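Report on the structure given below.
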Amino acid sequence: MDKEDEILEELKKTNRLLEEQKDEVTPFQAVMDMVKSLLLGVLIVGPILAVIIVLFQLIGSWL
């Protein structure tokens with residue numbers, strides 16, 4: 001029975017922490033996360049994809 005009480009207390013504590021975190025997230029933070037992800041994609045992933053495509057085109061032209 002003692003083990004069940006410990007597990008129940010941990011679950012309650014975890015639930016309380018999750019509720020606190022959910023309250024901390026504002027719509028502004030969500031928008032900023034979206035903008036950050038978009039900029040990451042445009043500034044990092046885009047150029048890498050462009051380099052890979054150019055390399056494939058160069059390799060294709062040599063064959």
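FYI, it's all coordinate maths here, none of it is from the lab. As the structure is a computational prediction, the values presented were derived from the model and not from experiment. Note that each Cβ is placed from the backbone with ideal geometry, even for glycine, and that neighbours are counted across all protein chains shown.
Under a point-charge model restricted to the Cβ atoms of Lys and Arg (+1) and Asp and Glu (-1), what is the dipole moment magnitude of the range 13-63 relative to its Cα centre, in debye to the nearest 20?
It works out to roughly 140 debye.
Based on the alpha carbon coordinates of the range 22-63, what radius of gyration and maximum Cα-Cα distance (Dmax) apply, in Å?
That works out to 17.7, 59 Å for Rg and Dmax.
Which angle from 0 to 90°, rounded to the nearest 10, does the C-alpha axis of helix 46-62 make with the longest principal axis of the chain?
For helix 46-62, the angle is close to 40 degrees.
To the nearest 10 degrees, how steeply does helix 2-24 sit against the main Cα axis of the chain, on a 0 to 90 scale?
Approximately 50 degrees, to the nearest ten.
Among 11, 56, 39, which residue has its Cα furthest toward the positive end of the charge dipole of the chain, with +1 on Lys/Arg Cβ and -1 on Asp/Glu Cβ?
Selected residue: 56.
Compute the helix-to-body angle for 27-40: its Cα long axis versus the longest principal axis of the chain, expressed 0 to 90° and rounded to tens.
Here the helix axis deviates by roughly 30 degrees.
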